[in-house]
Each structure stands twice: as structure tokens, then as C-alpha cells.
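Let me begin by presenting the structure, written as C-alpha cells, before commenting on it.
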Amino acid sequence: MKFVKLIPSCLFMLFFLTTSPLLAQNTGLVTVSTDIQPVEGKNFSILVTPSNPAQTFSKVVIGYRLPNDEFTETEMRFEKGAWKYLISGEFAVPPRLEYYLVASLDDGSEATYPVSNYRQNPAYLTISPKGLTDAIVVMMGENGSKSAPEDFMIMLSYYSLSDQIDLTSVRLTINGADVTKDASVTADALNYFPATPPKGKQSVSFEAKLKDGTLVGPLTWSVSVVSKEEAKEEEEAEQNYSLAGNVWNEYRYEKTSARTKGTDRANASASGNIHWLTYNINLFKSSEESKKKQAIDRYTLKLGTEYLDLTFGDAYPSFSRLMMNGTRVRGFEANLKSDYINLDVGYGFQQRAIDAEFEGETITLRTIADKDSIETLKGELYQVLSKNAVNTTLRKKTSSGAYDRKLLAVKTSFGSKKQGFNWGLGFLRSLDDTTSNKYGGEAIANLVVSTDAQLRYDNGRFELYGDAALSLENNDIKYTSQQFDSVMRDQLGSAYKTINQIFPLSAGISAPTGTSQILNYSAFLAGMKLNYWNNYFKVEYLRNGTSYHSEGLPFFQKDIQGVKLNDRLRLFQNKLFLTFGYDLLYDNTDGTKDFSEVQYDPVSQDSIGLKKFDGTTARNNIRTGISFFPGGGLPSLSFDYIRLASVNEIPENQVASQNNASNTFQISTNYGFSWMNGYHTTSLSYSLTDKKDLRDEKVYLFQNGYASAQQKVQSVVLAYGTTIGQDLSFNLSYNNSSSEYREVLTNDSTGTKGITGYGYFTTKEQSYNILEGSLGKSFLDNKLQANVRANMTLSDVNQYIFGANAQYYFLKNLFATSDANFILNEGSDADLLFTFRVQYIF
């Protein structure tokens with residue numbers, strides 16, 4: 001035990017002795033990585049895989065945002081063995097991108113990262129600011145280009161540095177020879193046209209200094225000077241067609257305490273263009289595909305032109321924040337684009353029909369008189385098999401069923417989406433087909449109408465926007481559709497049948513009947529963005545009704561209203577970033593959370609009437625941070641403070657009462673450096689959350705029946721990685737997390753005395769430590785790449801994972817990969833997993 005306690009100290013000493021961006025984060029649940037180091041303004045992909053190789057995900061939803069901003073939620077795509085999502089450059093903004101993950105496991109359960117309060121305290125990726133080299137734009141003679149001798153020319157622009165650059169320091173070299181004197185150098189550009197054109201491959205380098213002596217560059221790239229005929233063929237080929245992609249087939253064998261099975265998976269993807277038409281194809285096939293489960297296979301074909309995009313197969317339409325935003329449908333998506341009119345259409349299946357499976361005998365209860373008992377049984381995994389005005393029959397299910405659910409979403413908008421005014425109207429219908437199978441569970445119908453408007457000027461630096469939506473919903477159309485409202489039928493007359501085909505108008509429909517009800521079934525948001533003088537400012541008002549629902553949203557927070565502020569300031573040439581966010585939010589938008597309690601005379605104890613308590617919970621959230629990117633080979637440093645407070649007026653002896661505040665402190669640093677023929681990266685982050693419940697714990701713990709209440713959580717993540725030469729790599733990471741709770745001990749007198757008859761208090765701690773390392777080495781002129789790794793998780797139940805990986809290149813673009821994992825689980829049998837893959841890249 002003494003040795004284990006020394007591990008954190010030893011690792012902290014390692015940090016200070018060899019103190020980089022942490023591109024792979026092992027969180028205990030998932031391993032999160034990026035395809036490139038996130039840099040300001042550049043697209044990058046987030047990749048998610050289970051940390052435990054024995055675990056698989058059926059779906060992963062990611063929510064991401066700029067610091068303190070609103071989350072964008074969407075489903076991740078499964079590609080090349082990992083869950084992947086492309087973050088566009090507009091979200092790659094220093095100092096960081098905040099995100100959370102919700103993973104659906106194969107057994108139907110869900111897991112989140114972070115594990116608790118994932119929306120209030122999300123994870124994050126550090127976004128590095130643009131380097132000075134990024135301000136250099138190669139306009140002619142780009143990297144990898146081919147040109148004829150008479151067309152060879154180097155043209156550079158450094159317009160954004162024009163008032164800072166020292167023109168006497170500008171230096172352009174080709175194949176090591178300084179050619180600056182033959183170039184035209186101005187305050188914002190450099191042009192070089194050689195008197196005698198070179199031949200073959202040319203290595204180009206540019207560097208300069210600012211007036212304060214700061215070095216810009218060197219920026220290096222290569223171009224080729226070829227014959228006129230070859231250059232023409234290259235140009236025509238690039239304009240006419242391009243093709244790139246890969247194909248792989250994989251076999252996975254797993255032997256665990258729960259099962260032994262083999263799985264075959266295959267994937268083929270290709271992208272490119274044919275003249276003016278771009279295309280992207282992805283096909284994924286798994287032997288785990290089964291009619292008893294929702295689809296695992298994925299098929300996508302995307303075609304694009306300047307004015308029209310078409311997607312067939314699995315599409316993820318994103319039309320509106322309140323209507324359709326990243327939910328997968330299997331069908332098609334069409335996007336008509338112009339500066340005057342835009343049309344977006346998505347249609348397909350959200351889920352397919354699956355019959356539920358049952359066990360035990362059926363139970364028949366009275367539909368009206370036993371309504372509460374029916375709802376209780378449904379909460380215990382009983383499903384309604386039949387229902388009428390008199391009786392309801394239920395049976396316990398062992399697996400959930402589903403109906404075919406079709407979704408249609410249409411949005412048309414007028415005006416440019418990039419500049420000026422744009423106004424849109426949207427419509428969404430999601431409907432279960434109750435004839436698709438016999439036992440699909442509760443069938444739903446969902447209808448949403450929405451509108452939105454944006455006013456953008458100055459390349460988006462000024463923006464006003466607003467969205468509004470209204471929803472109707474029926475959560476039981478299979479049985480309530482048999483009980484049509486005769487009054488509705490009489491009022492609509494002949495139009496009833498037509499409208500009912502669009503949306504089931506039944507007695508079970510949830511629909512607004514007055515102004516207050518309309519608000520409950522509605523959602524609104526409006527805001528303003530300003531991006532001037534290195535300062536980004538955003539203010540937004542939102543109101544989400546208690547009953548608003550859209551099947552087109554992977555996640556939506558109901559029953560919330562209030563104001564959000566967000567401010568981000570850049571200082572000292574993008575070296576210092578200050579962030580601030582403030583949320584003032586309230587729930588109880590429909591007033592149903594108000595509470596009434598009988599009051600008694602303190603002397604006679606006679607009832608003196610009811611006292612009404614406002615059940616609205618007010619949330620005051622503050623987030624502020626400072627991030628420093630000094631450059632020049634120095635480590636970056638970030639510090640953040642988050643305060644979350646919730647309070648309402650409900651008495652403490654009620655479960656719904658709230659009066660708490662949490663303070664979170666986060667500090668992180670990243671450093672990369674070259675030393676002894678290798679490049680080394682290190683990172684350290686520390687987080688402490690201290691939550692204080694301001695109620696009397698004797699009341700809220702005992703009288704509400706809580707077993708425990710979280711008080712404090714802290715975590716440390718330390719990582720080190722190095723690459724030496726071209727063939728050796730080493731990575732080591734350490735993750736420590738601990739939680740502190742106040743817990744109830746009913747029969748233990750060692751704790752703090754509680755209310756008479758209710759037992760005692762004590763403080764309990766829970767912690768886990770994850771130590772992970774890997775070593776990689778290349779052999780046979782990099783044809784063979786081998787890697788060994790180990791993961792040790794120390795907690796209430798310890799786990800040890802040992803793995804090895806080998807990759808062999810038969811050809812430059814044809815290789816085979818094998819991967820083996822041996823998992824030791826304390827208290828149970830060991831698990832074994834083996835994977836073999838052959839892959840071809842073209």
C-alpha cells in the first residue's frame with residue numbers, strides 16, 4: 001500500500017523533470033482522441049472507442065460547444081472501427097472545445113462521460129491558437145503542385161502581418177539556395193518568377209522576422225517542375241476526377257465470462273470527384289446485424305454539387321436547433337443551396353420493427369380503476385399487450401420491442417445562410433407504424449412546426465438570430481387511435497380524415513388548448529453575437545416548454561427558461577485568452593412544481609390552512625477562465641473556475657427541495673519539446689469540485705431516504721509521450737479520481753449522531769487509479785510496426801489489461817493488423833479478445 005501511495009508523487013516528479021497536448025484521453029469509460037492536434041480554424045475529427053476492449057457501443061451522441069456557449073448535440077458516425085465526428089473549423093477556437101458523450105451499450109443501458117454532471121462540467125480539448133506561420137498563405141506554387149517550366153512561380157501573402165513584418169529579414173530559398181534578391185518583396189506579399197526555370201522537384205522554404213525580432217517560420221514545402229504535357233495532364237486529371245478510399249475486413253474473437261463469440265466486420269469507403277460532382281461512399285457490414293436489434297450496419301452515399309447535395313442511406317440531417325439536429329435516419333437527405341432560396345428535406349426510418357420478448361404470465365387490470373397500478377407495472381418492465389375501455393392486459397418483457405418509425409423533416413428558407421437576412425419555415429413528422437409488428441411497445445406520433453431567422457453582416461461578425469417551434473405528441477397511438485374524439489370529428493368534418501393521415505388526432509393526443517398550454521408545447525430562443533476588437537460576445541434567451549418534444553433532436557432539455565451570457569477576449573497577439581460565462585435559468589415553466597403544505601397553529605396544533613411554496617428552482621452558473629499560450633517553446637497554462645448554484649423555496653423535508661452550490665477549480669498545462677533526437681510531450685490537469693448542500697443534512701438525508709450525498713470530487717490526469725527517430729515511441733498516462741460522500745449508517749454508532757431513530761452520519765471515500773503505458777517499435781525498414789501496452793485500474797474492483805498489436809505492410813498501401821488483449825478482472829474469470837484485419841488504401 002505504501003508503494004501505491006507513492007505512485008502519484010513519483011509521477012508528479014516525472015512531470016516536473018520532463019514537462020504537450022494530450023491527444024488521447026483514457027477516461028475509464030472511453031478513450032477519446034483526435035486525428036490531428038486541434039488548431040484554431042482547422043477541421044479535426046474526434047474519435048471515440050471503449051476503454052475496455054470487451055465492451056462495445058451501439059450508439060454514441062456527442063454534445064460540443066465553445067466555452068460557456070450552447071451545446072450542439074448530434075450522433076457520431078461509426079467509421080473504420082471507431083465512433084467519429086468531424087468538428088468544423090468554426091468550432092476550433094482557442095482556448096478549448098467543451099464536449100460530453102452519451103454512449104448506448106449493447107445491453108440497452110447508457111453511460112456518460114463525464115460520469116456525472118456532464119452538461120454542467122463537460123470534458124474539453126485544448127485548441128491551440130494559430131501560429132505565426134499560419135499567417136503565411138501560399139497562393140501559387142502550393143505544396144505538391146506540378147507546373148510546366150514556363151508557369152513555375154512562387155507567390156506568398158502575409159497580409160495579416162503587413163504592419164509587423166521586417167521586410168529586410170524576409171528570406172526565400174529553393175533547394176537551399178537563397179533567391180530572395182530575385183523576388184519582389186512588398187509589405188504584404190512576395191512574388192518569385194525565375195529567369196531560368198528549374199527542373200524536377202523543388203524544395204522551397206520561407207522565413208522572416210517581425211519588427212520585435214519574433215521569428216516567423218520556417219515554412220517549408222515542395223513543388224515539381226515537369227514537362228508542359230505532363231503538367232497539362234495533371235491539371236486535367238485533377239479537374240476531371242479524383243479517387244481515394246480504403247477497404248478492410250476484420251475478424252474479432254472474444255471469450256469473456258458472459259459469452260464466447262466471433263464477429264466479422266467489413267468496411268469500404270471512397271471519396272473524390274467526377275468533374276463537378278463530388279461523392280462520398282461508406283459501407284459498413286457486421287455479422288452482429290440481427291432482426292432482433294436495431295441496425296448495426298451503416299450505408300451512406302453522398303453526392304454534392306455547388307447547388308445541390310444528396311445523401312442516400314444513413315443520413316444525419318441538421319436543419320434547426322429546435323426541430324432536426326443530427327438524428328440518424330435511414331433513407332435520404334436533400335439540400336438545395338443558393339443565396340435566394342434553400343430547401344432541406346430528410347426522410348427515412350429512425351428505427352425498425354422489433355418484437356418484444358416476454359416471460360411469465362399475463363396480468364389483466366381494469367383500465368380506469370387500476371390506472372396507477374398499470375403505470376407501476378410499466379415501470380417494472382411490463383408491456384401492454386391489449387387495451388380497451390374496460391381492461392388492460394400486460395406481460396413482463398425480457399427485451400424491448402419497437403415499431404417501424406418513419407420521419408419526414410422539411411425546411412425551406414429564403415436568403416443567404418452566410419450574409420444578410422435568412423428566414424426559414426420547417427415541418428417534422430415522426431410516426432410509428434403499428435401494423436409493422438405485433439408487440440412493438442408504446443407507439444408514438446410527433447409533429448413539429450418551426451420557424452427561424454438570422455441577420456448576419458460583416459462576414460458573420462454581427463448576427464441576430466431567433467428560433468421558435470411548436471410540437472404535438474401522442475405517446476400511445478396504438479390504443480387511443482381506437483377512441484377518436486367525436487367532437488373533433490364533428491368540427492373538422494370531411495377534413496378530419498385527411499388531417500388524421502398526417503397526424504393521429506385521438507383522445508390520447510398531447511395538444512395545447514390555450515395560451516399557457518401553447519407555451520408548454522413550444523420552444524423559443526433568440527440571441528445576438530458580436531465579434532469585434534478580438535472580443536467575441538454572445539447573449540441568448542431561451543424558453544423550452546415542459547411538453548415540447550421533437551424526435552429530430554438527440555437531446556433536448558425541457559422545462560427551462562432564462563438568459564445566457566458568453567464573452568471571450570484575445571490579448572497579446574493570441575497569447576492570452578479570457579473567458580466568462582453566466583447563466584440565469586429557471587424551471588417550473590408550467591407551474592406544476594409549486595408545492596402546498598398544511599400549516600398548524602404552534603400552540604393548539606390546529607390546522608390553519610395551506611401555505612403555497614414556489615417550486616421554481618433558480619440556477620445561477622458562473623464560468624470563468626484564463627488560458628496562456630506563450631509560444632517560443634514554453635508550456636501553455638489554463639485555469640478555470642466554475643460555480644453552479646441551485647435553490648428553491650420548497651421545505652427541506654420534501655424530496656424536491658434544493659439549496660446547494662458547487663465550486664470547481666481546474667488547472668492544466670501542456671508542453672512539447674525536442675531532446676536527445678526525440679520529441680517529447682507532457683500534459684497535466686487537476687480538477688477539484690467541492691459541493692455544499694446548505695440544507696440540514698439530518699433532514700434531506702434521512703427523511704428523504706437518501707443513502708448518501710456527494711460532497712467532493714477531485715481528479716488528476718498526467719500524460720507523457722515521446723517519439724524517438726522514426727521507429728520508437730513511448731507513452732505513459734496516469735489518472736486518479738476520488739470522491740467523498742456523506743453517508744447514512746443506520747446501525748453503526750461510529751459516525752456523527754443524526755436525528756433520534758434515524759441512525760448516524762459518516763464520511764466515505766471512493767477512488768480509482770488508472771495507470772496506462774505503451775511502447776512501439778518499427779522493424780524491417782518500417783514494414784513491421786509492433787506495440788505492447790498495459791492498463792492497470794485500481795478501485796473497489798481491480799482490473800488489469802495487457803495488449804499487443806502488430807502491423808505488417810505487404811505493399812505501401814496493403815497491410816495486415818493483429819491485436820490481442822488479455823483482461824484480468826478481480827473476482828471473475830479472465831477475458832480474451834483477438835482481432836485480425838486486412839486493409840487496402842487507395
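Observations on the structure shown:
- Placing R0 at 56 angstrom, the Cβ-Cβ distance between S373 and L576 gives a FRET efficiency of 0.35 after rounding to 0.05.
- The stretch 512-570 - convex hull of the alpha-carbon atoms, volume per residue in Å³: 93
- A simple spin-label model places the labels of F193 and K292 7.4 nm from each other, with each point 7 Å out along Cα-to-Cβ.
- For the cross-link pairs K130/K691; K80/K478; K80/K261; K130/K564, the ones whose C-alpha atoms lie over 31 Å apart are K130/K691; K80/K478.
- For V170, the residues whose modelled amide H falls within less than 5 Å of its own, excluding neighbours fewer than 5 places apart on the same chain, are K209.
- Rg/Rh (Cα only; Kirkwood hydrodynamic radius) as it applies to the stretch 137-180: 1.01
- For the chain, the Stokes-Einstein estimate of translational diffusion at 37 °C and a viscosity of 0.692 mPa s comes to 105 µm²/s, using the Kirkwood hydrodynamic radius over alpha-carbon pairs.
- Three principal axis lengths of the stretch 767-810 [C-alpha, angstrom, descending]: 45, 12, 8
- Available extension along the chain between S169 and Y679 is 180.7 nm, counting 0.36 nm per residue and deducting the alpha carbon span.
- Rg(Cα) / (2.2 N^0.38 Å) computed for the stretch 165-274, rounded to two decimals: 1.89
- Subset of K291/K558; K293/K406; K84/K418; K42/K529 violating a 24 Å alpha-carbon distance limit: K291/K558; K84/K418
- Protection proxy ranking, peptides 385-396, 520-531, average beta carbon neighbours within 10 Å, highest first: 520-531, 385-396
- D (Stokes-Einstein, µm²/s), Kirkwood Cα radius, the stretch 259-300, 1.306 mPa s at 10 °C: 128
- Gain in span if fully extended, L832 to L343, counting 0.36 nm per residue against the direct Cα distance: 170.9 nm
- Scaled radius of gyration (Cα, divided by 2.2 N^0.38 Å) that the stretch 379-460 gives: 1.80
- Computed over the stretch 257-328, the alpha-carbon pair-distance distribution with 10 angstrom bins reads 16, 34, 30, 15, 4, 1, each value a whole percent.
- Remark on A295: its backbone amide H falls under 5 Å from those of R352, a criterion applied only to residues 5 or more positions apart or on other chains, H modelled at 1.01 Å from N.
- For the stretch 430-480, the spread of Cα coordinates along the three principal axes comes to 57, 17, 12 Å, biggest extent given first.
- Inter-probe distance in nm under a simple model that places probes 7 Å from Cα toward Cβ, at Y741 and D690: 2.2
- Cβ-derived FRET efficiency at R0 56 Å, F537 paired with K396, nearest 0.05: 0.55
- Mean ellipticity per residue at 222 nm, deg cm²/dmol - from DSSP H runs of n ≥ 4 across the chain, formula -39500 (n - 2.57): -2000 deg cm²/dmol
- Peptides 70-80, 368-378 ordered by packing proxy, namely the average of other Cβ atoms within 10 Å per residue, highest first: 70-80, 368-378.
- More than 19 angstrom apart: percent of Cα pairs within the stretch 540-662: 66
- Per-residue HN-Hα couplings for the stretch 70-85 [Karplus 6.51, -1.76, 1.60; θ = phi - 60°; Hz; x = Gly/Pro]: 7, 6, 9, 10, 7, 7, 7, 9, 8, 9, 6, x, 9, 7, 10, 9
- Modelled this way, with points 7 Å down the Cα-to-C-beta line, the labels at Q419 and F555 are 3.6 nm from one another.
- Divided by 2.2 N^0.38 Å, where N counts the residues, the Cα radius of gyration of the stretch 326-403 comes to 1.77.
- Taking trypsin sites (Lys or Arg not before Pro) across the stretch 247-316, the ones in a DSSP loop with at most 16 further Cβ atoms lying within 10 angstrom of their Cβ are R259, K291, K292, K293.
- Modelled FRET efficiency - R0 30 Å, Y241 with N782, Cβ distances, 0.05 increments: 0.45
- Pairwise alpha-carbon distances in the stretch 85-189 exceed 19 Å for 66% of all pairs.
- Cα principal axis extents for the stretch 257-416, largest first, Å: 66, 47, 21
Here, each number is a calculation from the coordinates, and none is a lab measurement. Just so it is clear, the structure is predicted and the values come from calculations on it, not from any experiment. Quick reminder, even Gly has a Cβ in these numbers, built from the backbone with ideal geometry, and neighbours come from all protein chains shown.
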